[in-house]
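Below: the structure, in structure tokens.
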Amino acid sequence: MLVKYEFLKILRKKSTLIVMGISLVLTGFLFGLPVMQYQTCNQDGAVKGAAGIAYEKEQYAEISVPLSEEYVAETVREVQELFKNPENVGYDGNERFLIGNAYWDRIAPREKLLSLIANTYRDPNESAGYNALLELDMTNGANFYQAIDKKREILLHDPSRALSEEQTEYWKSMAEKADTPLQYGYYGGWEVIISSFELLMFAILAICIVIAPVFAGEYQAGTDAVILSARYGKTKLISAKIAASFLFGTIAFIVHIIVAFGLPLTAFGTDGWDLPLSIANTIIPYPFTFLQAVLSNIGIVYLVLLAMIGLSLLLSAVMKTPYLVLIVLVPILFIPMFLTPNGMAGGYNLALFLLPYRSAMPEFGKYISYQFGSLVLDVLTVRAILYACISVILLPLARAGFRKHQVV
């Protein structure tokens with residue numbers, strides 16, 4: 001009953017409704033932007049919005065195929081054959097490209113796939129379009145998965161990454177778990193979600209704003225003396241306030257997730273949920289499907305939220321007003337937005353990847369790992385452990401902070 005009372009106390013505040021309303025509208029706007037701004041092109045010009053999405057999905061119907069060695073080799077040869085006809089080729093003084101029907105009928109519908117194939121054969125720091133397929137020798141077949149392994153080897157042995165032998169073996173072992181040949185297909189909605197995860201930080205901030213007065217609001221209203229002198233004021237009521245805060249945070253988080261992910265998945269569809277994540281970039285070592293990748297990162301963002309709720313409660317217990325709580329929280333949540341890693345190794349970079357804002361970003365293709373003796377953990381696992389531990393540590397401190405509060 002105490003938890004219910006404290007939960008309703010949080011929920012019924014006018015400030016809660018205002019903050020949550022603004023947060024949900026902002027979340028909907030930010031995650032809806034890719035839908036509103038979406039456009040693709042055909043021979044007649046730009047196709048925007050829902051019509052553009054439907055048009056692109058139609059194009060993918062013919063290229064939802066396994067990327068077998070034979071298929072890749074045949075696809076590369078088809079492109080090379082198109083370039084042999086001078087009428088199909090344009091030149092801008094720098095590079096050759098296909099024009100007219102050769103481009104719109106044979107290249108445009110699968111340009112993203114062709115770029116994926118072309119980039120697989122390039123060095124990690126280079127990017128290429130479909131015209132780079134001209135350089136490939138298909139005499140002995142595509143050797144597509146051999147090219148993926150070679151590119152991964154270059155990445156893992158790049159001196160700037162400073163990976164140990166154990167870390168290198170860790171990533172190789174993870175990558176070997178992926179099923180081959182890769183199944184290609186449409187994954188537009190999931191791509192939007194994965195590229196937008198950090199926008200959920202605004203939802204986390206909104207939840208923390210609502211939680212900030214849980215203890216500090218009692219000080220501000222002068223009700224702390226009544227609460228702390230009550231029979232269960234220093235025991236059950238504190239537990240109820242903490243439980244209600246986490247319950248509210250969890251429900252608010254779920255609602256934000258439904259809004260944030262519901263918009264792109266409604267517009268682009270759920271197609272591709274079971275496709276391998278590595279079709280977005282063949283160097284990605286995680287053997288996830290798009291759905292698994294999204295769920296794993298939702299879990300990490302949720303753990304970040306729990307830690308931030310714990311920190312909000314601690315600050316609320318030791319500070320006199322909710323405004324002071326926010327003065328501390330806002331920089332913690334958003335200063336990392338302006339800090340850019342200068343590599344994948346070194347104490348500064350490894351610490352930066354664990355800060356709240358960066359922890360919302362999946363970083364699936366960056367091979368970020370942490371070594372503790374002979375134990376190697378990837379960045380996703382370290383984030384999950386770190387924020388779970390922070391939550392567990394902060395709760396007793398928040399409880400003790402309110403119990404020891406001296407009533408003035």
Could you tell me whether any residue of region 389-397 is open to solvent by less than 70 Å² (accessible area, probe 1.4 Å), assigned to a loop (DSSP other than H, G, I, E, B), at pLDDT 85 or above and of a type outside the set (Val, Ile, Thr)?
no
Residue within region 157-177 that is among the aromatic types (Phe, Trp, Tyr), in contact (Cβ under 8 Å) with a residue 12 or more places away in the chain and more than 21 Å from residue 20 (Cβ to Cβ) present:
yes
Can you tell me which residue in region 327-347 is modelled with the lowest pLDDT, limited to those that are buried (at least 18 other Cβ atoms within 10 Å of the Cβ) and in a helix (DSSP H, G or I)?
336
Residue pairs meeting the criteria (Cβ under 6 Å; at least 6 apart or on separate chains; first closer than 17 Å to residue 107 by Cα and assigned to a helix (DSSP H, G or I), in region 128-142; second open to solvent by less than 30 Å² (accessible area, probe 1.4 Å) and aromatic (Phe, Trp, Tyr))
134/83
Considering region 156-193 alone, what residues qualify as being open to solvent by 30 Å² or more (accessible area, probe 1.4 Å) and either touching a Lys or Arg at 6+ places or on another chain (Cβ under 8 Å) or not in a loop (DSSP other than H, G, I, E, B) (or both)?
159, 160, 161, 165, 166, 169, 170, 172, 173, 183, 191
Give the residue that is surrounded by the most Cβ atoms within 10 Å (Cβ to Cβ), with candidates limited to residues of region 358-380 that are aliphatic (A, V, I, L, M) and assigned to a helix (DSSP H, G or I).
379
Complete set of residues in region 348-357 that are under 17 Å from the mean Cα position of the chain (by Cα) and either closer than 14 Å to residue 384 by Cβ or open to solvent by 40 Å² or more (accessible area, probe 1.4 Å) (or both)
353, 354, 355, 356
Residues that are closer than 20 Å to residue 112 by Cβ and in a helix (DSSP H, G or I): does region 245-262 have at least one?
no
Out of region 284-302, which residues are β-branched (Val, Ile, Thr) and either without any contact (Cβ under 8 Å) to a residue 40 or more places away in the chain or out of contact with any Lys or Arg (no Cβ under 6 Å at 6 or more places or on another chain) (or both)?
284, 289, 294, 298, 301
Does residue 383 satisfy being open to solvent by 60 Å² or more (accessible area, probe 1.4 Å) and in a helix (DSSP H, G or I)?
no
Going by the structure shown, is residue 245 under 17 Å from residue 360 (Cα atoms) and modelled with pLDDT under 95?
no
Number of the condition not met by residue 147 [criteria: (1) open to solvent by less than 70 Å² (accessible area, probe 1.4 Å); (2) touching a residue at least 40 places away in the same chain (Cβ under 8 Å); (3) not β-branched (Val, Ile, Thr)]:
(2)
Expected single match for open to solvent by less than 40 Å² (accessible area, probe 1.4 Å) and out of contact with any helix residue (DSSP H, G or I) (no Cβ under 7 Å at 6 or more places or on another chain) among 131, 140 is 131
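The values are calculated or read from the model by the stated rules, or taken from the named source; none is laboratory data. Just so we're clear, the structure is a prediction, and the values are computed from it rather than from any experiment. Reconstructed Cβ throughout: ideal geometry from the backbone, glycine too, with neighbour counts over all protein chains shown. Keep in mind that these areas ignore ligands, DNA and RNA; they rest on the heavy atoms of the full protein, side chains included. Shrake-Rupley method; radii C 1.70, N 1.55, O 1.52, S 1.80 Å.
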